[in-house]
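The values are calculated or read from the model by the stated rules, or taken from the named source; none is laboratory data. For clarity, every value in this text was computed on a predicted model and none was experimentally measured. For neighbour counting, all protein chains shown are included, and Cβ atoms are generated from backbone atoms with ideal geometry for every residue, glycine included. Each accessible area value is taken on the protein alone, full model and side chains, heavy atoms only, with ligands, DNA and RNA left out. Shrake-Rupley method; radii C 1.70, N 1.55, O 1.52, S 1.80 Å.
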Amino acid sequence: MSLIPDITELLARARADLRMGVPVVLTDDSGAVLALAAETLNSERLADLRAVDPTPVIAITARRAETLKARVYDGDLARVTMPEDADPAWVRAIADPADDLIAPMKGPLNALRDGTAGLSRTAIALAKAARLLPAVVTVTVPDGAAFAARHGLTRIDATLAAPHLVDRSPLSPVVSARLPMQVSQAGRLHVYRPEDGGEEHYAVEVGRPDREKPVLARLHSACFTGDILGSLKCDCGPQLRAALAQMGAEGNGVLLYLNQEGRGIGLANKMRAYFLQDQGFDTVQANHRLGFEDDERDFRLGSDILKSLGFSSVRLLTNNPAKIAMMENTGIHVVERVPLKVGETEQNRGYLATKAAKSGHLL
């Protein structure tokens, strides 16, 4: 019997640590670093880092580096040396674009071109997984395992962690129960939980769909502002209600409600993107300025749930070709794309135009 946590459990612990402002130790064959999320860094922790190594480095994604005009020598990220007088406010300004238009000059920023960037890449991936801004402060430590043990810190072997950070976690059904709804009294809600301790995802079964026939299905990413608050900045709420209504009218269907808020960056970062949109940037530009890609979601989760429920083919309610391609690539046959053109408002017309022009949505 062993009570030692495995790599999946350690990664869940590391995500929680970063969110709380606690450093984690990352190791691989190249050495070890102590890493802290830029978003949760405070003065005391920064002083602790400098006591370990007086030359901390802030790692940012290439998207964020492009905005800051920092040189990118490591492909998908840049490692920027921190000035001696840099404080948490400086770090936050590098990570968070909220004040970029007020104070556009952050530099000169000196990016490292020597050494390896693997551990910085792992740290950024962990920050993203924790729904934090994708920027981390690191310092080198001589013996990662001993350092982590001495200070009671979580240690992550980056080599072991790598596949877990790029692939989706297996989903397990937790419970299902009857759920009468306005669109159908014959409703059922299925709850799925990932093994990595991340957000749960849901399947809403309308009626009693025949597993031998293509099911009317919708992959819907959670949108607190649109689904719950009726936001006029997006078309998510109207799409959710229209999809359920059509399933009710046809007598059956499956709505997959995936907790991937804000195209997979989380609600806090989505609100940061909204703030940038108020400054004149479109949704893709806002994501890039934050350091994210256009879309960080993993639609394969929907395919996994459909297979678990016994479905192999769908009539997919979507305007997004990427969802169709994902379904086909993961073994779910899309026999028909069912358009879902609802929810255009004066406030979201530009947003919808950006989705069509930059993300290929069929509007």
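Just the accessible area per residue of segment 141-228, please: how many Å² with a 1.4 Å probe?
Details: 4850 Å² over 88 residues.
Heavy-atom accessible area per residue stands at 55 Å².
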Cα-based Lys pair tally, the chain, threshold under 14 Å, eight or more apart or on separate chains: 7
Calculated diffusion of segment 47-135, Stokes-Einstein form, Kirkwood radius summed over Cα pairs, 37 °C and 0.692 mPa s, µm²/s: 245
Per-q log10 I(q)/I(0), the chain, q = 0.06, 0.12, 0.14 Å⁻¹ (Debye; single scatterer per alpha-carbon; no solvent): -0.26, -0.94, -1.16
Unit charges at the beta carbon, dipole of the chain: most positive-side option, H201, V254, A70: V254
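If you roll a 1.4 angstrom probe over the protein chains with everything in place, what fraction of the accessible area of segment 78-235 belongs to carbon and sulfur, to the nearest %? Intermediate results must be reported in sequence, preceding the final value.
Values: 4300 of 8010 Å².
Carbon and sulfur: 54 percent of the exposed surface of segment 78-235.
Accessible area of segment 1-66 with a 1.4 Å probe: how many percent of it is carbon plus sulfur?
Of all accessible area on segment 1-66, carbon and sulfur atoms account for 53 percent.
Rg to Rh for segment 148-259: what is it, with Cα atoms only and Rh by Kirkwood?
Using only Cα positions, Rg/Rh for segment 148-259 is 1.13.
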Per residue solvent-accessible surface (Å²) - segment 1-71, probe of 1.4 Å: 50
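Relative contact order for the chain: what percent, with Cα pairs under 8 Å and sequence separation of 6 or more? If you can, show how the numbers build up before the last one.
On the way: 696 pairs, mean separation 59.8, N = 363.
With pairs under 8 Å counted, the relative contact order is 16 percent.
Give me the dipole magnitude in Debye, nearest 20, for the chain about the Cα centre, with unit charges on the beta carbon: positive for Lys and Arg, negative for Asp and Glu.
Details: 42 positive and 45 negative charges, 189 e Å.
It works out to roughly 900 debye.
Can you give the accessible area per residue of segment 236-316, in Å², using a 1.4 Å probe?
Values: 2700 Å² over 81 residues.
Result: 33 Å² per residue.
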Residue-by-residue Karplus 3J(HN,Hα) for segment 72-81, coefficients 6.51, -1.76, 1.60, Hz, glycine and proline x: 10, 9, 10, x, 9, 8, 10, 9, 9, 6
Trypsin sites (Lys or Arg not before Pro) within segment 266-335, DSSP loop, no more than 15 other Cβ atoms inside 10 Å: none
Carbon plus sulfur fraction of accessible area for segment 256-363, probe 1.4 Å, in percent: 51
Exposed GluC sites (Glu not before Pro) absent - longest run of the chain, DSSP non-H/G/I/E/B, at most 10 other C-beta within 10 Å: 213-345
Phi to ³J(HN,Hα) by Karplus 6.51 cos²θ - 1.76 cosθ + 1.60 over segment 117-126, Hz, x for Gly, Pro: 10, x, 6, 5, 4, 4, 5, 5, 4, 5
³J(HN,Hα), Karplus 6.51/-1.76/1.60, whole Hz, each residue of segment 260-276, x for Gly, Pro: 10, 4, x, 6, x, 9, x, 5, 4, 5, 4, 5, 5, 5, 4, 4, 5
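How long are the three semi-axes of the equivalent ellipsoid of segment 72-212, in whole Å, if each is the root of 5 times an eigenvalue of the C-alpha gyration tensor, listed from largest down?
Working: eigenvalues 366, 95, 39 Å².
That gives 43, 22, 14 Å for the three semi-axes.
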